[in-house]
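Participant: What follows is a single structure, and I will ask about it in a moment.
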Amino acid sequence: MASNKSLLLLPGDGIGPEVMGEVYRVIDWFDRRRAVGFDVKEGLVGGASYDKYGTPVADEIVDQAMQSDAVLFGAVGGPKWDNLDFSVKPERGLLRLRKDMDLFANLRPAIVFDGLIDTSSLKPELVRGLDIMILRELTGGIYFGEPRGVEEISEGERRGINTEVYTTSEVERVGRVAFELAKKRKGFVHSVEKANVMESGQMWREDMQALRDREFPEIPIHHMYADNAAMQLVRQPKQFDVLVTTNLFGDILSDIAAMLTGSLGMLPSASLGAADATGRRLALYEPVHGSAPDIAGQGKANPIAMLLSFAMALRYSFDLSEDANLIEAGVAKTLDAGLRTDDIMQNGMAGVSTRGMGDALLQELDKLAA
Ligand code: IPM
Ligand code: MN
């Protein structure tokens, strides 16, 4: 179907292509059953791109990503490329897309489905009904700060350097996203840094507080050190609603949040840029999990994080909340029916492959849309 909604699919490496395969089928379902069509293109990224072009992401792909309404990204990396020079490692492809597209706001919702309560590593009462949003700053901080590198300072002695840098405008633009999200949720924000040891953390705290006082006086803000936040996330996760933090702390804390939900295979994410005058924003959607080379190509991967990432694209890039809800409801029903990939397997449940999980979701979607 011809469509004005453009999607660029970048499956990447490892389990990326397998989980993206299920997205293709769901896209096809929306076209047939909901008359929601997409103009879909596919490209190479990560090690797959390196093998063909000698670079983890080609310029043409970056251009296409900038022109697409949304990019769906699988996963990158694997042992095959571990010894490559840093500048061409698969991960650089993803980092370049984030940076060139200026996707500063990374939304990582951690939601516990009732059917999966027992696969969480925490006690059921601590996670039942859990719904928190980790908002990770994605284009600044130590991931991109200069100076960086490794230098030889004398025979056998090297110095490795990375730099944590934030400007007030970088803190404020992600802060605004946090407060806006909070307004539509439970209505409070935790801002997380290490103000006790890092000057940039002290500045982050002051700038967040000032922004809140100036523009969002109705939203309570709590400041928390990152080590304490890690502990609180496993002690009493339901105390959080929106947790906004720096690039590196967000990377770590979102993996913790993911495990609360039962498996890293369940967590989607959205990376958003600033809205232009017409309200359009660049966006990339990806599962929080990686390329899982140990199980790649075996049909064992859980496609749910990827499918929920597509649901986030429907909601945030195409304003199709109802359709996003359909996918989320379909996933919940599939889990309620007892179907499980390996990562979320429990006693008495029925094991399914990546494809089997996709089949089950399509059947639930048929029922929900009937
Ligand atoms: C993530 C990943 C990436 C990151 C890697 C693959 C570069 O861990 O999206 O959380 O560290 O940001
Ligand atoms: Mn990570």
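The values are calculated or read from the model by the stated rules, or taken from the named source; none is laboratory data. It should be emphasised that the depicted structure is a prediction, and the values quoted were computed from it without experimental measurement. So basically every Cβ, Gly included, is an ideal-geometry build from the backbone, and we count neighbours across all protein chains shown. The area values use the complete protein model at the heavy-atom level, side chains included, leaving out ligands, DNA and RNA. Shrake-Rupley method; radii C 1.70, N 1.55, O 1.52, S 1.80 Å.
Participant: Please work out how much accessible surface Ser353 shows to a 1.4 Å probe, ignoring ligands, DNA and RNA, in Å² rounded to 10.
Facilitator: Ser353 exposes around 50 Å² with every protein chain in place.
Participant: Quick check for you: with a 1.4 Å probe and neighbouring chains kept, what is the accessible area per residue of the chain, in Å²? Don't jump to the answer; show the numbers that get you there.
Facilitator: Details: 15790 Å² over 370 residues.
In whole numbers, the chain has 43 Å² accessible per residue.
Participant: Calculate, in nm to one decimal, what Asp63 and Glu206 gain on full extension: separation in residues at 0.36 nm each, minus their alpha carbon distance. List each step's numbers first, then the result.
Facilitator: Numbers: separation 143, 0.36 × 143 = 51.48 nm, distance 3.70 nm.
Between Asp63 and Glu206, full extension yields an extra 47.8 nm.
Participant: Which percent of the accessible area of the chain is formed by carbon and sulfur heavy atoms (probe 1.4 angstrom)?
Facilitator: Ligands and nucleic acids excluded, carbon and sulfur give 50 percent.
Participant: Another question, if that's okay. Please identify the helices of the chain, taking whole runs of DSSP H, that span at least 15 Å along their own axis as judged from the Cα atoms and have a mean Kyte-Doolittle score of 1.6 or higher. Provide the component values of the computation, followed by the final result.
Facilitator: Details: long enough: 16-34 (26 Å, -0.78); 90-100 (16 Å, -1.36); 168-183 (22 Å, -0.16); 199-215 (24 Å, -1.81); 247-260 (20 Å, 1.21); 304-316 (18 Å, 1.64); 321-336 (22 Å, -0.10); 354-369 (23 Å, -0.20).
For the chain, where a helix must reach 15 Å along its axis and average at least 1.6, the hits are 304-316.
Participant: To continue, here is another question. Given Val150, Trp29, Ala370, which one lies farthest toward the positive end of the charge dipole of the chain, if we put +1 on the Cβ of every Lys and Arg and -1 on the Cβ of every Asp and Glu?
Facilitator: Ala370
Participant: Per-residue HN-Hα couplings for region 147-159, Karplus 6.51 cos²θ - 1.76 cosθ + 1.60 at θ = phi - 60°, whole Hz, x for Gly and Pro?
Facilitator: Rounded to whole hertz, the list is x, 8, x, 10, 10, 8, 9, 6, 3, x, 10, 10, 10.
Participant: Ok, one more. Please find the FRET efficiency linking Asn162 to Arg34, where r is the Cβ-Cβ separation and R0 is fixed at 35 Å, and quote it to the nearest 0.05.
Facilitator: Computed FRET efficiency for Asn162 and Arg34 comes out at 0.15.
Participant: Still on this structure, I have one more. What is region 101-173's relative contact order, in percent, from Cα pairs under 8 angstrom and six or more apart in sequence? Please report the intermediate quantities before stating the final value.
Facilitator: Working: 90 pairs, mean separation 20.3, N = 73.
Across region 101-173, relative contact order equals 28 percent.
Participant: Please state the relative contact order of region 107-266 as a whole percent: Cα pairs under 8 Å, 6+ residues apart?
Facilitator: Numbers: 282 pairs, mean separation 55.3, N = 160.
So the answer I get is 35 percent.
Participant: Now for a separate question. Pick from Thr245, Thr261, Thr163: which residue has the top mean-square fluctuation in a GNM of the chain where Cα pairs under 10 Å get a spring?
Facilitator: Thr163
Participant: Looking only at Val165, Val197, Val189, which one moves most when the chain is put into a Gaussian network model with springs between Cα atoms under 10 Å?
Facilitator: Result for the chain, Cα springs under 10 Å: Val197 fluctuates most.
Participant: Among 62-70, 340-348, 172-180, 81-89, how do they line up from the highest to the lowest mean number of other beta-carbon atoms within 10 Å?
Facilitator: Details: 62-70: 18.1, 340-348: 15.6, 172-180: 20.9, 81-89: 12.4.
Top to bottom by mean Cβ count within 10 Å: 172-180, 62-70, 340-348, 81-89.
Participant: State whether the chain is rounded, prolate or oblate according to the following rule on the C-alpha gyration tensor (a ≥ b ≥ c being the square roots of its eigenvalues): a/c under 1.5 gives rounded; otherwise a/b larger than b/c gives prolate, and the remaining case gives oblate.
Facilitator: It comes out rounded by the Cα gyration axes.
Participant: Where is the GNM fluctuation largest for the chain (alpha-carbon springs, 10 angstrom cutoff): Met231, Met20, Met133?
Facilitator: Judging by the Gaussian network model, the answer is Met231.
Participant: Then there is this: Give Lys123/Lys300; Lys99/Lys123; Lys123/Lys333; Lys80/Lys194; Lys52/Lys99 a once-over and call out the pairs whose C-alpha atoms are over 29 Å from each other.
Facilitator: Lys99/Lys123; Lys80/Lys194
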